[in-house]
Amino acid sequence: MNVALIGYGKMGREIEQIALERGHSILFKIDVDNKEVLQSEEFKKVDVAIEFTSPHSAVQNIKDSLANGVAVVVGSTGWYNELPEVKKYCEEHSGSMFYASNFSLGVNIFFELNKRLAQLMQMAEGYDVEVTEIHHTAKLDAPSGTAITIAEGLLGNYPAKKQWVSVEGDNIVELKDDDLIIKSLRIEPAPGTHTVEYKSVVDRIEITHEAFSRKGFATGAVLAAEYLLGKKGVYTMADLLKL
């Protein structure tokens with residue numbers, strides 16, 4: 001499989017290592033200094049592009065890939081307000097796209113545990129719940145896409161909470177009883193920790209996923225690229241893992 005890496009930071013380098021170990025070829029390593037590659041004829045030789053950049057550039061990178069007939073795996077988050085438009089663009093170009101807020105297999109198992117715990121907690125009175133996410137200081141979006149996915153999975157299964165509210169650090173915001181707090185902390189070094197906590201006056205129930213490195217995310221992204229090869233349409237980790 002011929003791969004292009006769109007975004008060649010720490011994650012891009014980790015993905016490169018995993019892809020090479022699995023027998024794939026890296027045709028292009030694209031960053032801000034050579035973005036013109038996305039409009040070149042040579043780029044059309046790519047089978048799958050793996051995009052990990054920022055919420056500000058992700059959508060254009062996706063469209064450039066699809067316009068050139070290149071399938072794209074998207075790891076950037078913070079752009080999902082434009083997801084309907086991007087899905088439509090993918091369909092119009094008969095393209096293929098795989099997006100996820102987190103490509104770690106462990107995190108996606110955590111997503112399912114979170115939904116089940118929320119269902120069980122409906123039967124218990126006197127608990128409040130909040131989500132906390134911790135990342136490195138270079139992460140641009142807050143809350144993280146993973147934290148938002150966790151919050152949405154919880155909201156869909158826990159009627160006492162109606163909407164999530166972002167709180168960065170120790171900032172104080174005005175809250176309603178049915179608000180679900182997502183607390184975002186930026187600490188070095190921290191590849192990513194996500195916690196869901198239910199707390200009452202008598203006890204606390206907590207589930208946590210802690211990433212030790214970027215390898216789990218990178219491996220999942222390469223698996224997604226392999227899954228996407230030869231397919232048309234829009235896919236997520238639920239398709240890959242058959243959840």
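Here, each number is a calculation from the coordinates, and none is a lab measurement. It should be emphasised that the depicted structure is a prediction, and the values quoted were computed from it without experimental measurement. Note that we place each Cβ from the backbone using ideal geometry, even for glycine, and neighbour counts take in every protein chain shown.
For the pair GLU210 and GLU188 in one chain, pulling the backbone fully straight at 0.36 nm per residue adds 6.5 nm over the alpha carbon distance. Note on GLU41 and GLU82: the model spin-label points, each 7 Å out from Cα along the C-beta direction, lie 2.9 nm apart. Label point 7 Å out from THR137 along Cα-to-Cβ: which residues of the range 159-180 have amide N under 18 Å? 168-171, by backbone N distance to the label point.
Just from its helices, what would the mean residue ellipticity at 222 nm be for the chain, if runs of 4 or more DSSP H residues each count -39500 (n - 2.57) and the sum is divided by every residue, rounded to the nearest 500 deg cm²/dmol? Numbers along the way, then the final one.
Numbers: 7 runs with 79 residues, N = 243.
Result for the chain, helices only: -10000 deg cm²/dmol.
Per residue, the average separation of C-alpha pairs within less than 8 Å and at least 6 apart gives the chain a relative contact order of 22 percent.
Give the calculated FRET efficiency between ASN2 and ASN171 to the nearest 0.05, with a Förster radius of 35 Å applied to their Cβ-Cβ distance. Intermediate results must be reported in sequence, preceding the final value.
Details: r = 46 Å, r/R0 = 1.30.
Efficiency, rounded to the nearest 0.05: 0.15.
Residues GLU130, GLU152, GLU174 in ascending order of nearby Cβ atoms (within 10 Å, fewest first): GLU174, GLU152, GLU130. Here the gap between LEU20 and ALA160, fully extended at 0.36 nm per residue and compared with their Cα-Cα distance, gives a gain of 45.7 nm.
Take every DSSP beta bridge whose two residues both sit in the chain; close to 30 percent of them are antiparallel. Placing pseudo-labels 7 Å out from each Cα toward the beta carbon at THR236 and SER57 gives an inter-label distance of 2.7 nm.
Partners of LYS242 within straight-line reach, counting lysines whose Cα lies under 23 Å from its Cα and excluding those fewer than 8 residues away in the same chain: LYS87, LYS115, LYS215, LYS231, LYS232. Among the GluC sites (Glu not before Pro) within the range 1-46, which fall in a DSSP loop and have no more than 13 other Cβ atoms within 10 Å of their own Cβ? Hits after loop and neighbour filter: GLU41.
About the Cα centre, and with charges only on the beta carbon of Lys, Arg (+1) and Asp, Glu (-1), how big is the dipole of the range 105-210? Nearest 20 debye, please. Mind showing how you got there, number by number?
Working: 10 positive and 18 negative charges, 49 e Å.
The dipole of the range 105-210 has a size of about 240 debye.
Can you bin the range 20-108 into rounded, prolate or oblate? Criterion: square roots of the alpha carbon gyration tensor eigenvalues sorted a ≥ b ≥ c, rounded for a/c under 1.5, prolate for a/b above b/c, oblate for the rest. Verdict is rounded for the range 20-108.
Modelled spin labels at ARG116 and ASP128, positioned 7 Å past Cα toward Cβ, are 2.9 nm from each other. Could you tell me the center-to-center distance, by alpha carbons, between the range 190-231 and the range 149-175 in angstrom? Spelled out, the Cα-based centre of one part sits 18 Å from the other. Would you work out if the chain is rounded, prolate or oblate? Take a ≥ b ≥ c from the square roots of the eigenvalues of the alpha-carbon gyration tensor; rounded if a/c is under 1.5, else prolate when a/b is larger than b/c, oblate otherwise. Here the chain falls in the prolate category.
Charging the Cβ of each Asp and Glu at -1 and of each Lys and Arg at +1, and nothing else, the dipole of the chain about its Cα centre rounds to 600 debye.
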